[in-house]
Amino acid sequence: MRVDVRALGACNRLAEQGAKQAAGALSDLTGTDLAVEVTGASVASGEDLAESFAGRESIGVSVGLRGGLDGEAVLAFDAANVDALLSLLPGGASMERSAVTEVGNIALGGFLDGWANYLGKAIDMSPARYFEADGAAVLPDGALAGDGVFLFESRLDATTTDLDFSIYMLPDSGPFRDLIVGKTAPAATAGGEANGGTTSTAVPYESLSTFSSLAKEGSANAADNIAMMTGLETSVDVSRLRFVPLADVPAEVGTEPHAGTVFELQGEPSGYLAILFEESSAAAVADAMLPMDPDEPLGDMAENALCELGNVMTSGFIDGWANVLGTTITHSPPEFVHDIGASTISPLVAKLSERQDYGFVIDTAIRTEGIQARCDVYALPDERELARALDRLSES
């Protein structure tokens, strides 16, 4: 099966529109404004999903989907936020289970309306099933058993109260396969004439799963390099390949101050890679690398240390890609950045957006023990070049 990137982008827009409809329905019900933070599609294995949901306690509802689209959809609140939801509903505190179920029905119904309109077919929802779940148990049975499944995730945020929640949709094959399988001849995306002619946007599905595994391997290498250079134990909290609108990426990084390094990648695929620490984490990691106390928390000594660390991490992250994809990938010297998170990533997104509206983003969270530092790695490969490399990979 070949996944058409443009078709996947259309599905992502449908998910975003559905999330906005769900937000509107819940705003009417609760009287509080809700905004869609981000919607993206992940290619995730069962192991990836288990890691992504580890440590979460959720309350919500799930429904089965039949007809125009088969699969399951889930609305999940953080368990700590349920009281805030119930306080907004008439009689909510005394009717927790039924109130949450009703909210789920309304939100998921709104979410699926856009898909049904697009398909021109009704999507039947099974009766909502209320759940209280730990970790990935929030997802449908069987989701964790797959080698690679598509997960559409929309995060919504209440502007006036703690009412953040997520909508997940895991489509089965069948009608969904028809939506994402490439059916057209090779064609250019935005900027598709670059590099000499048009390029196909159809990517072998199996290669996406392989590249997702490569991303995870690169994350492990990067974590090992942190451990080697700082003496701190590290672990990879989560690493996954997501397909998102590039314009949404800066908002995901957030407005908290970050420090780290950014790189331009040359080769196939080219693109950008950013290694970002929260400001306090950056200072703590730099301190662990230096033989003496730095002149100031993020002064010249700390900057040099973080650039050295970024160089080694980046090499570890991309070497595995080049070996498996049969390409050569090099990177620019590190550029030190120290600004709010969105501002560090926005220039990279702006450059890549000249060629494409969507992108496969590899995001990784690495945690160090002892000083509780966290590092986020964002890899933004060129969509067309990645498609070519993955195509060769599937042929070999």
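The values are calculated or read from the model by the stated rules, or taken from the named source; none is laboratory data. The shown structure was predicted, so the numbers you read here are calculated from the model rather than taken from an experiment. Counting neighbours? That spans all protein chains shown, and the Cβs are built from the backbone with ideal geometry, glycine included. Note: areas computed on protein heavy atoms with side chains; ligands, DNA, RNA excluded. Shrake-Rupley method; radii C 1.70, N 1.55, O 1.52, S 1.80 Å.
Roughly how large, in nm² to one decimal, is the mean projection of the convex hull of the alpha-carbon atoms in the chain? Answer in nm², one decimal: 19.5.
Of the GluC sites (Glu not before Pro) found in segment 294-359, those that fall in a DSSP loop while having at most 16 other beta-carbon atoms within 10 Å are Glu354.
For segment 273-396, calculate the relative contact order in percent as a whole number, restricting contacts to Cα pairs under 8 Å that are 6 or more residues apart. Answer for segment 273-396 is 34 percent.
Give the carbon-plus-sulfur fraction of the accessible surface of the chain in %, rounded to a whole number; probe 1.4 Å, heavy atoms of protein chains only. For the chain, the apolar C and S fraction of the accessible surface comes to 47 percent.
Is it possible to state the helix-based mean residue ellipticity at 222 nm for the chain, with each DSSP H run of 4+ residues giving -39500 (n - 2.57), the sum divided by total residues, to the nearest 500 deg cm²/dmol? What is it? Can you show the working numbers first?
Numbers: 11 runs with 164 residues, N = 396.
-13500 deg cm²/dmol, from helical runs alone.
Hey, can you list the DSSP H helices of the chain whose Cα span along the axis is 30 Å or longer and whose average Kyte-Doolittle score is at least -1.0?
Numbers: long enough: 5-30 (37 Å, 0.05); 96-119 (34 Å, 0.22); 205-230 (38 Å, -0.03); 300-325 (37 Å, 0.41).
Membrane-span-like by this criterion, though nothing is claimed about a membrane: 5-30, 96-119, 205-230, 300-325.
Note on Met292 and Leu29: the model spin-label points, each 7 Å out from Cα along the C-beta direction, lie 6.3 nm apart.
Here the relative contact order of the chain, from alpha carbon pairs under 8 Å that lie six or more residues apart, stands at 21 percent.
Let me see the pair-distance distribution of segment 1-117: every alpha carbon pair, 10 Å bin width, integer percents in order. Result returned by the calculation: 12, 39, 36, 12, 2.
Give me the one-decimal Kirkwood hydrodynamic radius in Å for segment 1-68, with the sum taken over alpha-carbon pairs. Mind dumping the intermediate values first?
Numbers: mean 1/r = 0.0669 Å⁻¹.
One decimal place: 15.0 Å for the Kirkwood radius.
Positive contributions from Lys and Arg (+1) and negative ones from Asp and Glu (-1), summed over other residues with Cβ under 13 Å from the Cβ of Val103, come out at -2.
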